[in-house]
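Dropping a structure here in structure tokens format, bear with me for questions.
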Amino acid sequence: MRLTHLLGTAVVLALGASAAMAERGADGQLNIIYWQAPSTMNPFLSGGTKEVEAASMVLEPLASYDQDGNIVPRLVEQLPTVENGGVAADLTSITWKIKPGILWSDGTPFTANDAVFTWQYCTHPEGGCSQSSYFDGVTSVEAVDDLTVKVIFAEPKPYPYTAFAGSESPVLQAAQFADCLGAKAPECTDANFGPIGTGPFVVTDFKPNDVISLEANPNYREADKPAFGSVLFKGGGDAASAARSVLETGEFDYAWNLQIEPEILTQMEAAGKGSVVVSFQTSVERLHLNQTNADSGLSAEERSVYNDGNNPHPFLTDPEVGKALSMAIDRELLVEVGYGKTGQVTCNVLPAPELYASTANDGCKTQDLEGAKAVLDAAGWVPGGDGVREKDGVRLSVLYQTSTNSVRQGTQALIKQWWNELGVEVELRNIDASVFFGGDPASPDTFQKFYADIEMYTNNFSGADPEAYMANWRCSEIPGPGTQWQGSNIQRFCKPEYDALVDEMAKTADLATRGELAKAMNDMIIQEYSIIPLIHRGGTSAHANTLGGVKMTDWDSELWNIADWHRVE
Amino acid sequence: MFTYTLRRLAFAVPTLLIISFIIFVILDMAPNDPTASLPLTIPPEVRQQIRDALGLDQPMPIRYFKWCVQFFWNEPVNLIEQWTGWTIGDSESRLRVISWQTRSPVVDLIAERMPQTLWVVGMSYVVGILIAIPIGVISAYKQYSWFDQFGTLFSMAGFSVPTFFTGLLFIVIFSVNLQWFPSVYDTTHRVTDWDSFWFQVRQMIMPVMVLALFNASQISRFMRASMLDNLQQDYVRTARAKGLRERAVLLIHVLRNSMIPVVTVIALGVPQIFGGAIITEQIFRVNGLGQLLIVGIQSADIPLVQTLTFIFAVLIVLFNLVADVLYGILDPRIRYD
Amino acid sequence: MTDAVADTAIQETQHRSLWGDVWVQYRSHTGAMIGTVIFVAICLLVLLGPIFYDVDPNFTNVRDRNAPMSWAYPMGSDNLGRDMFAAILHGGRISLAVGLTAMLLSLFVGTFIGLLAGYFKWLDGPLMRLTDLFLALPLLPLLLVVVMLFRDVLRPIFGPELGIFLLIVFLIGITSWMQTARIVRGDVLALKEREFVLAARSIGTPPRRIIMRHLMPNILSPIMVSATLGVANAIITESALSFLGLGFPSDVPTWGRLLFDGKDFLTLTPARVIWPGLMISLTVLSVNFMGDGLRDALDPRIRGR
């Protein structure tokens, strides 16, 4: 893996060199459109993807992820590993060596103290820092000298590249934010809207939720970059019109997050002004099958509450039912109709990186309606008078909910038809995303509360290490009224064997063994049919044909290498 | 009439206070949440910390009271300081109304959005009225003529086809195919000379026309109906019998007497200008007050939505009062005292 | 000769009643008759159409997606291969029902409040402040709250579809009456100072009778306009609600929703937006002409001519 890191770095450098014939600012203005507009330039105050990506043009982490999900050094000499002594042998600390000569955009030197300050800023108890989980398990961050940062962990950390790695954990300038700790953080409007960074661009004007104007950083560490002298970063509208402004009218050079029906995107691309780029990370569109009883007749203390397994779902805890539901789905068709090249069929909840991706469940890739019927027949679920299957007076009737989004409603319609054919009655419901993902304990419609039998959404994990992600499905993570419905084990899956695997992974450092453990956990969840994975979704963006150097990634900010972007004829 | 106006204004204060409280209760009860738009990779504990940092852990009446203090006292004081340069009390620690989403003062956000809102939405309203009144008058005067029938068709289509569709149609025709106008409104554009003014006109045409079409359809229908009613009144016959010119009869007597419903509709519409035009602003990315409001609602930014809605409420109360005063001027028989 | 004339005159007076007169006048109004014919045709189409054209609007035939108009798909198909004609027929039932009931509700509430506020001075203040309040309420959060509070209460009582139908009609009606109320009040304020109202009042006519017999007929035109605009408004608002996930489930087509879902396909399959847009416009147009005719028919000055 280390070799690939080095190779990756070499390639980046080589490409950078070849593109760097022009001087800084020679290529004029770059127009970027994000149909959701950033509300601040401080990614610690708002952790939304749009804010993090906008900020990544200005603020930089010590290390980034490249387009293949490999971690590569950015502001440091080399990536710390156990072999080169950067990571302590007992895995309790990591030491980053900052490249000498890096300046902030105001001309002052970038030092280890800035990293220490960033840690203090984000872990302040009153600050409400969105990215504080990057400092989980960090007991302290120390400046050994001006160019050496040492991050110390409470326990051995097999994957130490959390703090200061990736665009969600960048470094702030201590001098600028010194008076903005804790409760004072929101009052520093000027700093939050125009942070001083080490990145290729500097904010000249920030209009929240509307437009950002930036210009090239005069103190950027590579003298001939960035090729663009200024950036106009516009927000607002919807995905289809953002795509249109790049692909059809050519008013913009780059558009982000274009989840639109594939035929529309193909038609726009045919206009010949730009092209669509896709990158796959770990996002999986999946169905969660409620393992607890969500009957609307139950009281608030019982409905969708786990109660130590005493409130099971009438039929979704039966793996045979889940298996049949999964077999009835034609994932190829879902991809073709709703996603095109921006989606791939998957049978795993953990589809990448390759090291962690299981191949044990690939049977799901082809639809088998007859087989699904046979599975239900064998399990004793037989069609009743109205065609809906039943057993012991229990009817296979489900309420299937998701957030409002035209592609999701299309998927719902197709799946409903297949399940109806199978003899399952389906009622559809869609809920506005601000409510569905909102987590308000008073609302019956949040995905955590799960007042439905089946729900569909996409989840992923940041970075390249799945340990925290797989720990989502521990028994202790089940949401319930006792925890204000907070918890990540949405489908209420509970198996002691699974929890044991999670504990083992936390103690394992060897990469190959971690891979095996992750695969085993993935297979356990999939084969119990508490989650039915559908589609491995990619990040989708479009850039004008006159824009070169775009290396689309979904592992980090899409703008991670904006310093290398340039105009081509 | 003057005492009536004063009485109404005095009455408006408690009314607006009650309205602001009801708005706050609704916003507080609404099930959307400020952390909903964050990626799911951010864990629940962190979300809770974010909510606490926003002050959501405090009970509702306290948060309402804080907003009242910030909006009714701190903001005006701050404004006076800005205008006069004085320092009143401890201006460093005086809390302004801070938006949860952008963490910046709400009033500044609103001020920043004002120009494009007034340019586009305001202009569309003016254009709408200028189109609607002649159409309404002529349609009524020549009832069931080809002009009237065409006007009816035009306004019904204008009203029943929603702006999300007309806007898109305009973009496909004029931006994609003909390449005449930009499809994205540039809010950073400054008018300094003729060229930049021409650019401003070009980028305003499509959103203004989409909205004006919608507004004109509505107003022209009320204008026509009211004109028709008045054209059959006895005073019209009298005026004609007196030998007044037809133009005078129509434009002085009938039009004036027909204005009451039109004034009502326009007065109801003016606050809407400041409410922005959510859909049209989204389509053309004008990013005015309407977009600010909808983004605020989607991200459950209670201070922002509360402030915007409240300003909106003030304008509604104010313009309805203006309409009532205008009734008295248009028809002196109307008396309130 | 004179006898014959007198005869017919007597006969006419014998047969003439108020509503008979209105009907005669209404029938002589060309626009109203065209409007009525179109409206009845649309109603029959959406009510009886699904019986003769029994294609399931939710059946997805993915091989035939984005089909142009043809015999197999009279209005083409959408991007999942669902038949647009079937969706238009089924969607029309809901759109018409929502549009008309919500319009009637808002018209009734608006006219009632407007009349009371305009006629009775002591009610003017409170009722108009109530109107101000409703105008100021933030619509979207209000809808979220109401749906959250009442959807699950209505679902077991009326079933998922009727429950949501009642909720939507109520919501649209209750949030769109204010304009009508303000307009009606404005007109009543002016009318009640006219001589004929003074005359009626001076002979001791009770307020209820003055309102119903003297004021109502004179404010019919703005009410009719409000009604027309109300239908369009309700149909479009319903689509916005469904889009936000506050309305009908996604497998229940409505015209507004079809138009909204189809908008991005404008250049690919124009039929997807043309037909729902046309149906909404035709409905609104026909209601408008019917309103025109009804107003003329109910106006004694015109009827007499």
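The values are calculated or read from the model by the stated rules, or taken from the named source; none is laboratory data. Computed from a predicted model, the values in this text were never measured in an experiment. FYI the Cβ positions are ideal-geometry reconstructions off the backbone, even for glycines, and counts take in every protein chain you see. Protein only, heavy atoms only, side chains kept; ligands, DNA and RNA dropped before computing areas. Shrake-Rupley method; radii C 1.70, N 1.55, O 1.52, S 1.80 Å.
Does the stretch A:495-506 include one or more residues that are over 13 Å from A:Pro158 (Cα atoms), open to solvent by less than 60 Å² (accessible area, probe 1.4 Å), assigned to a loop (DSSP other than H, G, I, E, B) and not charged (D, E, K, R)?
If we filter the stretch A:495-506 for residues that are over 13 Å from A:Pro158 (Cα atoms), which is where we start, we get A:495-502.
The next check asks that each one be open to solvent by less than 60 Å² (accessible area, probe 1.4 Å); those that pass are A:495, A:498-502.
Now drop any that are not assigned to a loop (DSSP other than H, G, I, E, B), which leaves A:495.
When the remaining residues are screened for being not charged (D, E, K, R), the result is none.
No.
May I pose another question? Quick one: in the stretch C:192-218, of everything that is of a type outside the set (Lys, Arg) and touching a residue at least 40 places away in the same chain (Cβ under 8 Å), which residue is surrounded by the most Cβ atoms within 10 Å (Cβ to Cβ)?
If we take residues in the stretch C:192-218 being of a type outside the set (Lys, Arg) and touching a residue at least 40 places away in the same chain (Cβ under 8 Å), then C:Leu215 is surrounded by the most Cβ atoms within 10 Å (Cβ to Cβ).
Which of the residues spanning the stretch C:228-246 are open to solvent by less than 10 Å² (accessible area, probe 1.4 Å) and touching a residue at least 60 places away in the same chain (Cβ under 8 Å)?
Residues satisfying the conditions are C:Thr228, C:Val231, C:Ala232, C:Ala234, C:Ile235, C:Glu238, C:Leu241.
Scan the stretch A:394-412 for residues that are part of a loop (DSSP other than H, G, I, E, B) and away from chain C (no Cβ under 14 Å) and jot them down. Don't jump to the end; show me each part of the working.
Of the stretch A:394-412, the ones part of a loop (DSSP other than H, G, I, E, B) are A:396, A:404-405.
Selection gives A:Leu396 alone.
Taking the stretch B:99-138, which residues are under 16 Å from A:Asp210 (Cα atoms), in a helix (DSSP H, G or I), polar (S, T, N, Q) and open to solvent by less than 10 Å² (accessible area, probe 1.4 Å)?
Residue satisfying the conditions is B:Thr117 alone.
Could I ask something else about it? With the condition kept exactly as written, say whether any residue in the stretch A:288-304 is touching a residue at least 40 places away in the same chain (Cβ under 8 Å) and within 30 Å of A:Thr553 (Cα to Cα). Reasoning before the result, please.
Looking only at the stretch A:288-304, we keep the residues that are touching a residue at least 40 places away in the same chain (Cβ under 8 Å), and these are A:288-292, A:294, A:296, A:300-301, A:303-304.
This time we only want the ones that are within 30 Å of A:Thr553 (Cα to Cα), so: A:288.
Yes, the stretch A:288-304 has at least one match.
Exactly one condition in (1) surrounded by fewer than 18 Cβ atoms within 10 Å (Cβ to Cβ); (2) within 14 Å of chain B (Cβ to nearest Cβ); (3) out of contact with any Gly (no Cβ under 7 Å at 6 or more places or on another chain) is not met by A:Ala175; state its number.
(2)
Further, regarding this structure: Just to verify a result, which residue in the stretch B:141-158, among those that are within 28 Å of the chain's Cα centre (by Cα) and open to solvent by less than 20 Å² (accessible area, probe 1.4 Å), is nearest to the other protein chains (Cβ to nearest Cβ)? Don't jump to the end; show me each part of the working.
Kept after step one, since they are within 28 Å of the chain's Cα centre (by Cα), are these residues of the stretch B:141-158: B:151-158.
Filter once more, so that each one left must be open to solvent by less than 20 Å² (accessible area, probe 1.4 Å): B:151-152, B:155-156, B:158.
Details: B:Gly151: 12, B:Thr152: 7, B:Ser155: 9, B:Met156: 5, B:Gly158: 10 Å.
The selected residue is B:Met156.
Further question: Which residue pairs have Cβ atoms closer than 9 Å, lie 6 or more positions apart in sequence or on different chains, and pair a first residue in the stretch C:136-161 that is facing chain B (nearest Cβ under 7 Å) with a second residue that is open to solvent by 70 Å² or more (accessible area, probe 1.4 Å) and part of a helix (DSSP H, G or I)?
Filtered contacts from the stretch C:136-161: C:Leu140/B:Gln298; C:Pro141/B:Met29; C:Leu144/B:Met29; C:Val145/B:Met29; C:Met148/B:Met29.
Restricting to the stretch A:435-466, name every residue that is within 16 Å of A:Gly487 (Cβ to Cβ), open to solvent by 10 Å² or more (accessible area, probe 1.4 Å) and more than 7 Å from chain B (Cβ to nearest Cβ).
Matches in the stretch A:435-466: A:Pro441, A:Phe447, A:Gln448, A:Lys449, A:Tyr451.
Just one of B:Ile18, B:Ile42 is within 26 Å of C:Leu149 (Cα to Cα) and either assigned to a loop (DSSP other than H, G, I, E, B) or modelled with pLDDT of 90 or more (or both); which is it?
Numbers: B:Ile42 fails: within 26 Å of C:Leu149 (Cα to Cα).
Exactly one residue qualifies, and that residue is B:Ile18.
Of the residues B:Arg94, B:Arg63, B:Arg7, only one is in contact (Cβ under 8 Å) with a residue 24 or more places away in the chain, more than 7 Å from every other protein chain (Cβ to nearest Cβ) and open to solvent by 20 Å² or more (accessible area, probe 1.4 Å); which?
Working: B:Arg94 fails: in contact (Cβ under 8 Å) with a residue 24 or more places away in the chain; B:Arg7 fails: in contact (Cβ under 8 Å) with a residue 24 or more places away in the chain.
The unique qualifying residue is B:Arg63.
I'd like the full set of residues that are within 11 Å of another protein chain (Cβ to nearest Cβ), modelled with pLDDT of 90 or more and touching a Pro at 6+ places or on another chain (Cβ under 9 Å), limited to the stretch A:211-244.
Answer for the stretch A:211-244, where residues must be within 11 Å of another protein chain (Cβ to nearest Cβ), modelled with pLDDT of 90 or more and touching a Pro at 6+ places or on another chain (Cβ under 9 Å): A:Ile212, A:Phe233.
Restricting attention to the stretch A:529-569, report how many residues are open to solvent by less than 20 Å² (accessible area, probe 1.4 Å) and in a helix (DSSP H, G or I).
Residues meeting the conditions: 2.
Would you check which residues across the stretch C:43-98 are within 16 Å of C:Asp261 (Cα to Cα) and basic (Lys, Arg) and list them?
C:Arg65, C:Arg82
Give the stretch A:410-427 a look and list any residue that's of a type outside the set (D, E, K, R) and within 12 Å of C:Thr60 (Cβ to Cβ), or say none. I'd like the intermediate steps shown before the answer.
Looking only at the stretch A:410-427, we keep the residues that are of a type outside the set (D, E, K, R), and these are A:410-415, A:417-420, A:422-424, A:426.
Once the filter is applied, which keeps residues that are of a type outside the set (D, E, K, R) and within 12 Å of C:Thr60 (Cβ to Cβ), the stretch A:410-427 yields A:Gly410, A:Thr411, A:Gln412, A:Ala413, A:Leu414, A:Ile415, A:Gln417, A:Trp418, A:Asn420.
Go through the stretch C:276-302 and give me each residue that's closer than 29 Å to A:Ser241 by Cβ and either open to solvent by less than 20 Å² (accessible area, probe 1.4 Å) or in contact with a Phe, Trp or Tyr (Cβ under 8 Å, 6 or more places away or on another chain) (or both). Step through it out loud before you land on a result.
Step one: filter the stretch C:276-302 for residues closer than 29 Å to A:Ser241 by Cβ, giving C:276-284.
Within the stretch C:276-302, C:Pro276, C:Gly277, C:Met279, C:Ile280, C:Thr283, C:Val284 meet the criteria.
What about C:Leu104, is it within 30 Å of the chain's Cα centre (by Cα), at pLDDT below 85, under 30 Å from B:Gln143 (Cα atoms) and surrounded by fewer than 18 Cβ atoms within 10 Å (Cβ to Cβ)?
no
What single numbered condition from (1) within 9 Å of another protein chain (Cβ to nearest Cβ); (2) surrounded by fewer than 17 Cβ atoms within 10 Å (Cβ to Cβ) fails to hold for B:Arg221?
Status for B:Arg221: all satisfied but (2).
Sticking with this structure for a sec: Over 21 Å from the mean Cα position of the chain (by Cα), of a type in the set (S, T, N, Q) and open to solvent by 10 Å² or more (accessible area, probe 1.4 Å): is that true of A:Gln412 in this structure? Reasoning before the result, please.
Numbers: over 21 Å from the mean Cα position of the chain (by Cα): yes; of a type in the set (S, T, N, Q): yes; open to solvent by 10 Å² or more (accessible area, probe 1.4 Å): no.
Spelling it out, it is not the case that A:Gln412 is over 21 Å from the mean Cα position of the chain (by Cα), of a type in the set (S, T, N, Q) and open to solvent by 10 Å² or more (accessible area, probe 1.4 Å).
Let me ask something additional. Of the numbered conditions (1) touching a strand residue (DSSP E or B) at 6+ places or on another chain (Cβ under 7 Å); (2) farther than 30 Å from A:Ile260 by Cα; (3) open to solvent by less than 10 Å² (accessible area, probe 1.4 Å), A:Tyr339 satisfies every one except a single condition; which is it?
(2)
Still on this structure: Within the stretch B:75-89, work out how many residues are open to solvent by 70 Å² or more (accessible area, probe 1.4 Å) and outside any helix (DSSP H, G or I).
2
Looking at B:Val176, B:Val210, B:Val126, which is the one that is closer than 29 Å to C:Ala240 by Cα and touching a residue at least 40 places away in the same chain (Cβ under 8 Å)?
Answer to the selection: B:Val210.
Among the residues of the stretch A:220-244, write down those that are farther than 20 Å from A:Arg567 by Cα and assigned to a loop (DSSP other than H, G, I, E, B).
Selection gives A:Arg221, A:Gly236, A:Gly237, A:Asp238.
Can you give me the number of residues within the stretch A:224-236 that are open to solvent by 10 Å² or more (accessible area, probe 1.4 Å) and under 26 Å from the mean Cα position of the chain (by Cα)?
1
Would you be able to say whether some residue in the stretch A:185-199 is of a type in the set (Val, Ile, Thr), more than 10 Å from chain B (Cβ to nearest Cβ), crowded, with 22+ Cβ neighbours inside 10 Å and in contact with a Leu (Cβ under 7 Å, 6 or more places away or on another chain)?
Among the residues of the stretch A:185-199, at least one is of a type in the set (Val, Ile, Thr), more than 10 Å from chain B (Cβ to nearest Cβ), crowded, with 22+ Cβ neighbours inside 10 Å and in contact with a Leu (Cβ under 7 Å, 6 or more places away or on another chain), which makes the answer yes.
A follow-up question, please. On the basis of being under 20 Å from C:Met103 (Cα atoms) and either open to solvent by 20 Å² or more (accessible area, probe 1.4 Å) or more than 10 Å from chain B (Cβ to nearest Cβ) (or both), does C:Met224 make the cut? Can you show your working first?
Details: under 20 Å from C:Met103 (Cα atoms): yes; either open to solvent by 20 Å² or more (accessible area, probe 1.4 Å) or more than 10 Å from chain B (Cβ to nearest Cβ) (or both): yes.
For C:Met224, the condition - under 20 Å from C:Met103 (Cα atoms) and either open to solvent by 20 Å² or more (accessible area, probe 1.4 Å) or more than 10 Å from chain B (Cβ to nearest Cβ) (or both) - is met.
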